[in-house]
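Remarks on the structure that follows.
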Amino acid sequence: MKSRIDAFLRLMDQQGASDIHLSTGSRPMWRIDGLLEPMRYRVLTESDFESLVFPIIKPELLARFRELGDVDLAYEVEGLVRFRANIFRHVDGYGAVFRKIPTRISSMAELGLPAALETITAYKQGLVLITGPTGTGKTTTLAAMIDAMNSRENYNIITLENPIEFVHHSRRCVFRQREIGEHALSFASALKAAVREDPDVVLVGELRDLETIRMALNATETGLLVLSTLHTETAIKSVDRIINVFPPKEQGTVRGVLADNLRAVVSQQLIRRRDSGRVAVFEILLGSPALSNLIREQKTAQIINLIQTGRQAGMVEMDDAIIELWKEGCIADAEAYEAAISKDRMQKRLAELAAAQRSEARQPSGQVARPGSDADARREAGNDARPRPSARNRRRSEQERSSGRQTGRPTPPPTGRWSRYSAGKKPPPRL
């Protein structure tokens, strides 16, 4: 049965929008290439909102919404695409945000993900974090990585999400996708149960709270590969977030567990292109004995040095990755600056690179010698200066000039390609 909201969602898909915002007291808006734009529609009333949104909410979720004030759900327009939605109350009435989720999972190659992520999908145990601000494609990256495993490994994969976004179909792997709120009370309780369900890989939609993080670390210690997300900008902040969420008396133990089990942190952003659309940029930290030592010794600030020296292993710092996109001409100066982690350093680097490019542009192109006289060659080069003689001939010429000045005889001007002195000839007789 079709709902009124379907027309909005179909139009959203046609226009290439990633999100649509519905709110009583304002016009609908959608986000295209990262920017919110108003739709050509009237201001929504509460009656408009209820007729658009409430019909797609299951009765039990609608009851929870009326009780708690917000609810998450997934909705699919048949034959088109799936959407993740959050329905909520606010000071002016009701609000809802729908985010598009492609029905087809893009491959890692189609998304242009770094080669290091392909290596990460071969890990058998440990914790892998995909981090970044909201709306930067973390779920899409995770789906592509899980899909790569599905085409290569024979795994039992359990996903814990709120709501279920990408639907995985078994090829080589067995999938059990559970939705928090419908199939389990919380991430922590679902993760505790998952450990007893003979999994090889567990995907946790988000490490939201202390208990979920605790259960995720415990799961890695049992030999499972756990993949999850955090809303942090960099690898360093991700490591610190995991540790600092625990009480101080537990942090020493947590550091040891994290040092032993952290396999990778991939932080990502989406940056607006110069022309249109957005491009993903990644910071990659891979697990190593050196990383384990830094975590144990409370020297997480030095992780940046580890990333910078680990390029050959596939690691890259966020600001370095942004600079590479700038050099390729994909992004403008303003976008590079806004996305930078260290804005002062990025501003200085952009200025230095721009100055180097201007200097290079001012350099004349290489001159190619052509047959002909030296005078012709000089005229072609636009340079009337005579070529310089060798050091040996210059010394001989200086000696003879000096001798001429001592005897009071004028020194004749040099003529031809080389002066007569440099050619080893005697000066002309004095008139």
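The values are calculated or read from the model by the stated rules, or taken from the named source; none is laboratory data. Just so you know, these numbers come straight off a predicted model, no measurement behind them. Here Cβ is always computed from backbone atoms with ideal geometry, including for glycine, and neighbour counts include all displayed protein chains.
If I filter region 96-116 down to residues being assigned to a strand (DSSP E or B) and touching a helix residue (DSSP H, G or I) at 6+ places or on another chain (Cβ under 8 Å), which single residue comes out as farthest from Met12 (Cα to Cα)? Walk me through it before giving the result.
Filtering region 96-116 for residues assigned to a strand (DSSP E or B) gives 96-101.
Filter once more, so that each one left must be touching a helix residue (DSSP H, G or I) at 6+ places or on another chain (Cβ under 8 Å): 96, 98, 100-101.
Details: Ala96: 14, Phe98: 10, Lys100: 9, Ile101: 12 Å.
By that ranking, first place goes to Ala96.
Of a type in the set (D, E, K, R) and either closer than 30 Å to Ser151 by Cβ or over 27 Å from the mean Cα position of the chain (by Cα) (or both) - does that describe any residue in region 26-36? Please lay out each step first, then the result.
Let us first name the residues in region 26-36 that are of a type in the set (D, E, K, R), namely 27, 31, 33.
Imposing the further condition that a residue be either closer than 30 Å to Ser151 by Cβ or over 27 Å from the mean Cα position of the chain (by Cα) (or both) reduces the set to 27.
For region 26-36, residues of a type in the set (D, E, K, R) and either closer than 30 Å to Ser151 by Cβ or over 27 Å from the mean Cα position of the chain (by Cα) (or both): present.
Say whether the condition of being farther than 24 Å from Glu60 by Cα and at pLDDT 95 or above is met by at least one residue in region 175-191.
The initial filter retains those residues of region 175-191 that are farther than 24 Å from Glu60 by Cα, namely 175.
Checking the rest, the ones that are also at pLDDT 95 or above come to 175.
Yes, because at least one residue in region 175-191 is farther than 24 Å from Glu60 by Cα and at pLDDT 95 or above.
If you go through region 175-192 one residue at a time, how many are surrounded by 16 or more Cβ atoms within 10 Å (Cβ to Cβ) and either part of a helix (DSSP H, G or I) or aliphatic (A, V, I, L, M) (or both)?
Final tally of qualifying residues: 7.
Only one of these is under 27 Å from Leu111 (Cα atoms), surrounded by fewer than 21 Cβ atoms within 10 Å (Cβ to Cβ) and not hydrophobic (A, V, I, L, M, F, W, C): Arg263, Arg208. Name it.
Numbers: Arg263 fails: surrounded by fewer than 21 Cβ atoms within 10 Å (Cβ to Cβ).
Step by step, each of Arg263, Arg208 is checked, and only Arg208 is under 27 Å from Leu111 (Cα atoms), surrounded by fewer than 21 Cβ atoms within 10 Å (Cβ to Cβ) and not hydrophobic (A, V, I, L, M, F, W, C).
Six or more apart or on different chains, Cβ under 7 Å: which pairs go from a residue in region 2-23 that's over 25 Å from Gly277 (Cα atoms) to one that's modelled with pLDDT of 90 or more and buried (at least 16 other Cβ atoms within 10 Å of the Cβ)? Could you list them?
Here the result reads Ser3/Ile56; Arg4/Leu52; Ile5/Leu52; Ile5/Val53; Ile5/Ile56; Ser23/Leu44; Ser23/Gly95, each pair linking region 2-23 to a residue that is modelled with pLDDT of 90 or more and buried (at least 16 other Cβ atoms within 10 Å of the Cβ).
Quick check on this structure: which one of Arg208, Arg214 is over 30 Å from Gln308 (Cβ atoms) and outside any helix (DSSP H, G or I)? Give the derivation first.
On the way: Arg214 fails: outside any helix (DSSP H, G or I).
Within the list Arg208, Arg214, the selection yields Arg208.
Looking at region 307-329 only, could you name the residues that are part of a loop (DSSP other than H, G, I, E, B), more than 17 Å from Gln347 (Cα to Cα) and not polar (S, T, N, Q)? It would help to see each step written out before you state the result.
Start the filter on region 307-329 by keeping residues that are part of a loop (DSSP other than H, G, I, E, B), which leaves 309-310, 314-315, 317, 328-329.
In the following step, the residues that additionally are more than 17 Å from Gln347 (Cα to Cα) were identified as 309-310, 314-315, 328.
Within region 307-329, Gly310, Gly314, Met315, Glu328 meet the criteria.
Collect the residues in region 112-122 that are surrounded by fewer than 16 Cβ atoms within 10 Å (Cβ to Cβ) and closer than 14 Å to Gly287 by Cα, keeping them in residue-number order.
Residues satisfying the conditions are Thr119, Ala122.
Among the residues of region 2-32 satisfying the criterion of being part of a loop (DSSP other than H, G, I, E, B) and hydroxyl-bearing (Ser, Thr, Tyr), which is surrounded by the fewest Cβ atoms within 10 Å (Cβ to Cβ)? Working first, answer last.
Step one: list which residues in region 2-32 are part of a loop (DSSP other than H, G, I, E, B), which gives 2-4, 15-18, 25-28.
Going one step further and asking which of them are hydroxyl-bearing (Ser, Thr, Tyr), we end up with 3, 18, 26.
On the way: Ser3: 16, Ser18: 18, Ser26: 14.
Restricting to residues being part of a loop (DSSP other than H, G, I, E, B) and hydroxyl-bearing (Ser, Thr, Tyr), the top hit is Ser26.
Restricting region 193-205 to residues that are in contact (Cβ under 8 Å) with a residue 40 or more places away in the chain and either aliphatic (A, V, I, L, M) or at positive phi (or both), which is surrounded by the fewest Cβ atoms within 10 Å (Cβ to Cβ)? Spell out how you get there, then give the answer.
Of region 193-205, the ones in contact (Cβ under 8 Å) with a residue 40 or more places away in the chain are 197-205.
Applying the additional criterion that residues be either aliphatic (A, V, I, L, M) or at positive phi (or both) yields 198, 201-204.
Numbers: Asp198: 9, Val201: 24, Val202: 25, Leu203: 25, Val204: 27.
Among those that are in contact (Cβ under 8 Å) with a residue 40 or more places away in the chain and either aliphatic (A, V, I, L, M) or at positive phi (or both), it is Asp198.
Which one is surrounded by the most Cβ atoms within 10 Å (Cβ to Cβ), of the residues in region 313-358 that are under 20 Å from Asp275 (Cα atoms) and of a type in the set (Asp, Glu)?
In this case the residue turns out to be Glu335.
Would you please name the residue that is surrounded by the fewest Cβ atoms within 10 Å (Cβ to Cβ), looking only at residues in region 275-306 that are in a helix (DSSP H, G or I) and among the hydrophobic types (A, V, I, L, M, F, W, C)? Let's see the steps before the verdict.
Residues of region 275-306 that are in a helix (DSSP H, G or I), as a first pass: 289-296, 300-306.
Still in the list and also among the hydrophobic types (A, V, I, L, M, F, W, C): 290-291, 294-295, 301, 303-304, 306.
Numbers: Ala290: 14, Leu291: 26, Leu294: 20, Ile295: 24, Ala301: 10, Ile303: 24, Ile304: 19, Leu306: 20.
Checking each candidate, the answer is Ala301.
Within region 179-188, does at least one residue satisfy the condition of being in contact with a Ser or Thr (Cβ under 8 Å, 6 or more places away or on another chain), assigned by TED's automatic domain parsing to the domain that holds Ile242 and free of Cβ contacts under 8 Å to residues at least 24 places away in the same chain? Spell out how you get there, then give the answer.
Initial filter on region 179-188 (in contact with a Ser or Thr (Cβ under 8 Å, 6 or more places away or on another chain)): 180, 186-188.
Going one step further and asking which of them are assigned by TED's automatic domain parsing to the domain that holds Ile242, we end up with 180, 186-188.
Those still in the list that are free of Cβ contacts under 8 Å to residues at least 24 places away in the same chain too: none.
No, that holds for no residue.
Being farther than 26 Å from Leu113 by Cβ and assigned by TED's automatic domain parsing to the domain that holds Gly310 narrows it down to one residue among Pro199, Pro248; which is it?
Values: Pro199 fails: farther than 26 Å from Leu113 by Cβ.
Going through Pro199, Pro248 in turn, just one is farther than 26 Å from Leu113 by Cβ and assigned by TED's automatic domain parsing to the domain that holds Gly310: Pro248.
For residues in region 35-50 being more than 18 Å from Phe83 (Cβ to Cβ), out of contact with any helix residue (DSSP H, G or I) (no Cβ under 9 Å at 6 or more places or on another chain) and not β-branched (Val, Ile, Thr), which is surrounded by the most Cβ atoms within 10 Å (Cβ to Cβ)?
Per the stated criteria, the residue is Asp48.
What are the residues in region 150-174 that are surrounded by 15 or more Cβ atoms within 10 Å (Cβ to Cβ), among the charged types (D, E, K, R) and assigned to a loop (DSSP other than H, G, I, E, B), if any?
Selection gives Glu153, Glu165.
Give the number of residues within region 65-76 that are within 37 Å of the chain's Cα centre (by Cα) and farther than 29 Å from Gly277 by Cα.
Initially, region 65-76 is screened for residues within 37 Å of the chain's Cα centre (by Cα), giving 65, 68-76.
Checking which are farther than 29 Å from Gly277 by Cα leaves us with 65, 68-71.
Looking only at that region, the number is 5.
Could you tell me whether region 77-92 includes any residue that is in contact (Cβ under 8 Å) with a residue 12 or more places away in the chain, over 28 Å from the mean Cα position of the chain (by Cα), farther than 25 Å from Ala190 by Cα and surrounded by 17 or more Cβ atoms within 10 Å (Cβ to Cβ)?
For region 77-92, residues in contact (Cβ under 8 Å) with a residue 12 or more places away in the chain, over 28 Å from the mean Cα position of the chain (by Cα), farther than 25 Å from Ala190 by Cα and surrounded by 17 or more Cβ atoms within 10 Å (Cβ to Cβ): present.
Has region 50-57 got at least one residue that is within 30 Å of Arg255 (Cα to Cα) and in contact with a strand residue (DSSP E or B) (Cβ under 9 Å, 6 or more places away or on another chain)? Even if it seems obvious, please write down each step before you answer.
At the first step, the residues of region 50-57 found to be within 30 Å of Arg255 (Cα to Cα) are none.
The answer is no; no qualifying residue exists.
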